[in-house]
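Reading through the structure tokens given below for one structure.
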Amino acid sequence: MSQYIEWSALGQVLLYGIVVGAGLPTVFAIGVRLLAGPGAVGADGTVSRGRVIGAWTCFAVVVIAILGAVAYIAAGGH
């Protein structure tokens, strides 16, 4: 039965599914957590600069991944 299964292709689909299906939402959640997590707001009522930069970095990674996927599909990749 294994002659009908391309194991390398199956492994790639599984790997990409895990990275994109779980990885990107995790990165986004980390960004949200940095902005709203415990200790995010200081005594003066502002969020620390490091947390804001970290959050926006997470959001940028997610947006770049999405735009890259759209560009890849639009270019005829599959």
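The values are calculated or read from the model by the stated rules, or taken from the named source; none is laboratory data. Fair warning: this is a prediction, and the values are worked out from it, not measured in the lab. Methodologically, a virtual Cβ is constructed for each residue, glycine included, from the backbone with ideal geometry; neighbour enumeration extends over all protein chains shown. Protein only, heavy atoms only, side chains kept; ligands, DNA and RNA dropped before computing areas. Shrake-Rupley method; radii C 1.70, N 1.55, O 1.52, S 1.80 Å.
General observations
- 5 angstrom amide H check on Ser48, placed H, neighbours 5+ away: Gly42
- Sites Val13 and Ile64 - FRET efficiency at Förster radius 25 Å, r taken between beta-carbons, to 0.05: 0.70
- In degrees, nearest ten, helix 49-74 long axis to first principal axis of the chain (Cα): 30
- Distance between the range 3-21 and the range 29-66 - C-alpha centres, whole angstrom: 33
- Normalised per residue, the accessible area of the chain is 78 Å², obtained with a 1.4 Å probe and no contribution from ligands, DNA or RNA.
- Efficiency of FRET between Val41 and Ile73 - r from beta-carbon atoms, R0 35 angstrom, step 0.05: 0.30
- Length-normalised contact order for the range 23-74 - Cα pairs under 8 Å, 6+ apart - percent: 41
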